[in-house]
Amino acid sequence: MLTLTSPFETPLHRLPAGLKLAALALASIGLMAMQSLWALGVAGVAVVCLYLAFGRGFAGYGLRLLRPLWPFVLIIALWHGWTGEFAAGGIIAGRLLLAVALANLVTMTTRLEDMMTLVERLARPLARFGLSPRVLAVAVALVVRFTPVLMDKAGQLMQAWRARSARRVNWRIVLPISLMALDEADHVAEAIRARGGLSGP
């Protein structure tokens with residue numbers, strides 16, 4: 001399967017995963033505290049500059065990862081346009097875009113193995129409540145790896161729709177995408193069972 005890790009090497013790749021996740025948490029709290037479009041605009045410029053600091057290729061890769069957000073931004077724009085609360089809609093959309101962009105920055109510069117090790121270490125206290133840290137770490141890894149896979153398959157399905165129909169892609173594509181996701185999950189479950197499951201150390 002594919003991964004969201006960037007093929008462009010940056011100094012951020014050498015930073016510990018825990019440090020990057022802590023910085024992401026603090027940045028997300030800061031974004032939620034921003035109540036003006038001006039503040040979000042400044043934060044947006046800072047995020048764009050951060051991406052561009054590592055090259056246009058890296059920035060372009062990060063920009064492509066934001067494409068799946070456009071339906072949510074569109075819904076926010078339509079709703080707040082209808083209610084007349086344009087500033088509130090801009091703040092919500094800005095927070096969404098910046099939070100995901102920062103989260104993508106962490107994912108793009110962190111190896112999946114490092115992320116799994118960190119999650120498993122942080123989840124160790126939950127073992128006394130019956131939750132396996134290993135299972136949680138594998139679940140996080142599967143979510144990260146499934147995201148680009150499903151995005152790619154959804155893109156292929158939409159291309160097939162456009163090639164066979166003059167109608168615009170609509171909500172009817174949701175069912176086949178959901179079935180593909182379930183099919184992929186079934187294959188992964190079979191592969192995990194074939195390798196002994198998640199009962200290892």
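The values are calculated or read from the model by the stated rules, or taken from the named source; none is laboratory data. It should be emphasised that the depicted structure is a prediction, and the values quoted were computed from it without experimental measurement. Quick reminder, even Gly has a Cβ in these numbers, built from the backbone with ideal geometry, and neighbours come from all protein chains shown.
Assess whether GLY55 counts as being free of Cβ contacts under 8 Å to residues at least 60 places away in the same chain, within 23 Å of PRO7 (Cα to Cα) and surrounded by 15 or more Cβ atoms within 10 Å (Cβ to Cβ).
Values: free of Cβ contacts under 8 Å to residues at least 60 places away in the same chain: yes; within 23 Å of PRO7 (Cα to Cα): yes; surrounded by 15 or more Cβ atoms within 10 Å (Cβ to Cβ): no.
The answer is no for GLY55.
Taking the range 92-129 only, how many residues are closer than 24 Å to LEU52 by Cβ and over 17 Å from the mean Cα position of the chain (by Cα)?
Quick first cut of the range 92-129, residues closer than 24 Å to LEU52 by Cβ only: 93-111.
From the residues that got through so far, the ones that are over 17 Å from the mean Cα position of the chain (by Cα) too are none.
Matching residues across the range 92-129 total 0.
Quick check: anything in the range 92-106 assigned to a helix (DSSP H, G or I), out of contact with any Cys (no Cβ under 9 Å at 6 or more places or on another chain) and of a type in the set (S, T, N, Q)?
Taking the range 92-106 as the starting set, the residues that turn out to be assigned to a helix (DSSP H, G or I) are 92-106.
Of the ones still in play, those that are also out of contact with any Cys (no Cβ under 9 Å at 6 or more places or on another chain) are 92-106.
Retained after the next criterion (residues that are of a type in the set (S, T, N, Q)): 104.
The answer is yes; a qualifying residue exists.
Here are some residues: LEU69, LEU98, LEU65, LEU142. Which one is within 17 Å of THR5 (Cα to Cα), surrounded by 13 or more Cβ atoms within 10 Å (Cβ to Cβ) and in the same structural domain as MET34 (by TED's automatic domain parsing)? Can you show your working first?
Details: LEU69 fails: within 17 Å of THR5 (Cα to Cα); LEU98 fails: within 17 Å of THR5 (Cα to Cα); LEU142 fails: in the same structural domain as MET34 (by TED's automatic domain parsing).
Of LEU69, LEU98, LEU65, LEU142, the one residue that is within 17 Å of THR5 (Cα to Cα), surrounded by 13 or more Cβ atoms within 10 Å (Cβ to Cβ) and in the same structural domain as MET34 (by TED's automatic domain parsing) is LEU65.
Each row is one residue, and each column tells you yes or no for (1) more than 30 Å from GLU184 (Cα to Cα); (2) touching a Ser or Thr at 6+ places or on another chain (Cβ under 6 Å); (3) surrounded by 15 or more Cβ atoms within 10 Å (Cβ to Cβ).
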{"residue": "LEU21", "(1), (2), (3)": "no, no, yes"}
{"residue": "ALA33", "(1), (2), (3)": "yes, no, no"}
{"residue": "SER36", "(1), (2), (3)": "yes, no, no"}
{"residue": "LEU50", "(1), (2), (3)": "yes, no, yes"}
{"residue": "ILE91", "(1), (2), (3)": "yes, no, yes"}
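Condition test on ALA87, is it within 16 Å of the chain's Cα centre (by Cα), of a type in the set (A, V, I, L, M) and over 27 Å from GLY196 (Cα atoms)?
Numbers: within 16 Å of the chain's Cα centre (by Cα): no; of a type in the set (A, V, I, L, M): yes; over 27 Å from GLY196 (Cα atoms): yes.
Against the criterion (within 16 Å of the chain's Cα centre (by Cα), of a type in the set (A, V, I, L, M) and over 27 Å from GLY196 (Cα atoms)), ALA87 does not qualify.
Can you tell me how many residues in the range 152-169 are surrounded by 12 or more Cβ atoms within 10 Å (Cβ to Cβ) and in a loop (DSSP other than H, G, I, E, B)?
Residues in the range 152-169 being surrounded by 12 or more Cβ atoms within 10 Å (Cβ to Cβ) and in a loop (DSSP other than H, G, I, E, B): 1 in total.
Would you be able to say whether some residue in the range 186-197 is surrounded by 10 or more Cβ atoms within 10 Å (Cβ to Cβ), of a type in the set (A, V, I, L, M, F, W, C), under 24 Å from LEU69 (Cα atoms) and out of contact with any helix residue (DSSP H, G or I) (no Cβ under 6 Å at 6 or more places or on another chain)?
Checked against the condition, which is being surrounded by 10 or more Cβ atoms within 10 Å (Cβ to Cβ), of a type in the set (A, V, I, L, M, F, W, C), under 24 Å from LEU69 (Cα atoms) and out of contact with any helix residue (DSSP H, G or I) (no Cβ under 6 Å at 6 or more places or on another chain), the range 186-197 yields no hits at all.
Can ALA43 be described as assigned to a helix (DSSP H, G or I), among the small types (Gly, Ala, Ser) and at pLDDT 90 or above? Can you show your working first?
Working: assigned to a helix (DSSP H, G or I): yes; among the small types (Gly, Ala, Ser): yes; at pLDDT 90 or above: yes.
Considered against the rule, which asks whether it is assigned to a helix (DSSP H, G or I), among the small types (Gly, Ala, Ser) and at pLDDT 90 or above, ALA43 comes out as yes.
Which of the residues spanning the range 113-137 are of a type in the set (A, V, I, L, M, F, W, C) and surrounded by fewer than 16 Cβ atoms within 10 Å (Cβ to Cβ)? Break it down into steps so the answer makes sense when it comes.
Here is the first cut: in the range 113-137, the residues of a type in the set (A, V, I, L, M, F, W, C) are 115-116, 118-119, 122-123, 126-127, 129, 131, 135-137.
Matches in the range 113-137: LEU122, LEU126, ALA127, PHE129, LEU131, VAL135.
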